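Quick notes on the structure that follows.
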Amino acid sequence: GFKTCVLTNNWVDDSGGRLFTAALMNLLRRHFDLVIESCRVGAQKPDPDIYTYALDALQAKPQEV
């Protein structure tokens, strides 16, 4: 099979709506093998570092994704 991944540019949410954001991220985690959040990695799209991180986490090569 295929591995699926969400790669998101997001931030640590300290707003009043943070519970909704947290619930949404938990919902996504149930449906994907991996969820990568830029705020946790310390890089965001289009920085190549976040893509390298994703490839390493998926144990994949660029031509495979």
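The values are calculated or read from the model by the stated rules, or taken from the named source; none is laboratory data. The structure presented is a predicted model; accordingly, all values stated were derived computationally and were not measured. For neighbour counting, all protein chains shown are included, and Cβ atoms are generated from backbone atoms with ideal geometry for every residue, glycine included. Surface accessibility is based on the protein's heavy atoms, side chains included, excluding ligands, DNA and RNA. Shrake-Rupley method; radii C 1.70, N 1.55, O 1.52, S 1.80 Å.
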Two-site FRET efficiency, Ala22 against Lys61, from Cβ-Cβ distance with R₀ of 30 Å, rounded to 0.05: 0.35
Within the accessible area of the chain (1.4 Å probe), percent carbon and sulfur: 56
Viscosity 0.692 mPa s, temperature 37 °C, Stokes-Einstein D of the chain from Kirkwood C-alpha radius, µm²/s: 258
Charge-dipole axis of segment 5-58 as Lys and Arg at +1 and Asp and Glu at -1 on Cβ define it, positive-most pick from Cys39, Asn26, Asn10: Asn26
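Order the following by accessible area, largest value first: Thr52, Thr21. Probe radius 1.4 Å; ligands, DNA and RNA are ignored.
Greatest to least solvent exposure: Thr52, Thr21.
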